[in-house]
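Please read the structure below before turning to the comments.
The values are calculated or read from the model by the stated rules, or taken from the named source; none is laboratory data. The structure presented is a predicted model; accordingly, all values stated were derived computationally and were not measured. Cβ coordinates were reconstructed from backbone atoms using ideal geometry, including for glycine residues, and neighbour counts include every protein chain displayed. For accessibility, only protein heavy atoms count, side chains too; no ligands or nucleic acids. Shrake-Rupley method; radii C 1.70, N 1.55, O 1.52, S 1.80 Å.
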Amino acid sequence: MSKNSIKWGILGTSYISEVMANAIQESDTSELVAIGSRSLLTAKKFSEKYSIQKYYDDYQALLNDDGIDSIYIGLPNHLHKEWITRAALAGKHILCEKPFVISVDEAQEIISIIKKSNVFCMEALMYRCHPFTKKLRKLVQSKIIGEIKLYTATYTANIAEIANPTAGGSIRNLGCYPISLIRLLANAEPVEICAMGRMSQKNKIETDNQASVILKFLDNSMAVVSTADDMEMFWQFEIYGTEGNLKVITNPWLPNCDNNRIVIYSNNEKNPIEINVKAEKSLYTYQIDTVSNHIMNKEYTQSRHDGIPLLDSLGNTIVLEAWLQQVKAKNIQPELMTA
């Protein structure tokens with residue numbers, strides 16, 4: 001491993017892997033050296049498009065390459081646990097696409113494996129590494145709108161037809177974003193969860209296409225979150241406190257370089273305050289740099305890195321699983337309820 005650059009390999013050739021390839025190549029801390037696919041032809045085409053030196057038609061063969069320091073896992077949700085495990089056992093550092101894994105049991109098992117393997121591992125919730133999120137967190141911590149009483153969030157996108165249906169759905173693929181942001185800002189885990197939603201079935205796979213959840217925290221603050229994967233893209237995020245409210249105008253989960261706006265309404269001020277956060281790099285490059293810098297500095301432990309610690313990912317998984325379980329329970333077919 002070079003002191004100045006981390007050598008990356010990518011597992012999977014989907015759209016998000018292309019986004020990550022661009023981010024790695026934009027990064028001053030990283031170098032993209034390998035791509036892995038189930039198809040040699042697909043891997044070769046990807047390598048040619050991004051001028052990648054090595055390509056593999058076997059994921060494990062890529063992990064066995066001693067010239068690779070870190071792996072980005074851009075595979076479907078249900079494959080995350082297997083390939084995080086394999087990567088860790090191969091001594092590779094890991095950035096895994098969200099959702100981290102698909103159950104609390106899987107998350108706990110992965111945390112144990114990572115601890116024993118002494119590698120860096122982080123969930124790819126890219127917005128968490130962006131200056132906009134850091135600014136938003138500082139504003140909440142400053143109590144500019146007083147004590148927080150309510151968070152409201154909506155995130156929808158028309159991705160149901162293109163997303164892998166196995167272990168997919170709106171909660172895991174989209175709901176993970178507002179849940180993670182609210183937990184970050186609240187700096188706490190919910191003590192009560194109440195959820196409902198709409199399910200569909202395709203090729204014998206049940207999927208949650210729309211869902212809402214109410215969270216209650218120990219300080220009696222609450223959050224209302226809604227998501228859907230068969231509606232056009234829409235975002236909304238607002239925070240209400242005892243001294244005012246805060247509204248995010250632009251997409252908080254896809255911040256860009258020069259237009260990331262927050263408006264603050266104070267109970268004692270006539271005119272709102274508008275804040276625009278600018279960034280020097282693209283969203284996904286911030287994420288890559290966060291991982292690469294921690295690897296170069298050998299900051300692997302949960303408490304020492306400022307990205308997304310694994311215990312944070314575990315907390316998110318706990319909420320997502322409870323949300324999904326309640327939605328499924330409330331969508332049991334009438335004939336099954338009377339059986």
Exercise. Looking only at the stretch 326-336, decide whether some residue is of a type in the set (Asp, Glu) and at pLDDT below 95.
Key: yes
Quiz item: On the given criteria, is Ile94 β-branched (Val, Ile, Thr), crowded, with 18+ Cβ neighbours inside 10 Å and over 26 Å from Ser313 (Cα atoms)?
Solution: no
Quiz item: How many residues are open to solvent by 10 Å² or more (accessible area, probe 1.4 Å) and either more than 30 Å from Asn259 (Cα to Cα) or among the polar types (S, T, N, Q) (or both) if we restrict to the stretch 115-150?
Solution: 6
Quiz item: Mind checking whether some residue in the stretch 53-76 is among the basic types (Lys, Arg), farther than 27 Å from Pro309 by Cβ and more than 18 Å from the chain's Cα centre (by Cα)?
Solution: yes
Quiz item: Going by the conditions given, is Gly241 among the small types (Gly, Ala, Ser), over 20 Å from the mean Cα position of the chain (by Cα) and at pLDDT 95 or above?
Solution: yes
Practice problem: Could you look through the stretch 164-186, keep only residues that are open to solvent by 30 Å² or more (accessible area, probe 1.4 Å) and at pLDDT below 95, and pick out the one that is nearest to Leu125 (Cα to Cα)? | Solution: Asn164
Exercise. Need at least 3 residues that are within 25 Å of Glu192 (Cα to Cα), of a type outside the set (S, T, N, Q) and touching a helix residue (DSSP H, G or I) at 6+ places or on another chain (Cβ under 8 Å) per element, so show me which helices (runs of 4 or more DSSP H) inside the stretch 222-339 make the cut, counting only ones lying wholly within it.
Key: 310-330
Practice problem: Taking only the stretch 24-47 into account, find how many residues are in a helix (DSSP H, G or I) and surrounded by fewer than 18 Cβ atoms within 10 Å (Cβ to Cβ). | Solution: 7
Practice problem: Please give the number of the condition Val19 fails out of (1) within 18 Å of the chain's Cα centre (by Cα); (2) surrounded by 16 or more Cβ atoms within 10 Å (Cβ to Cβ); (3) aliphatic (A, V, I, L, M). | Solution: (2)
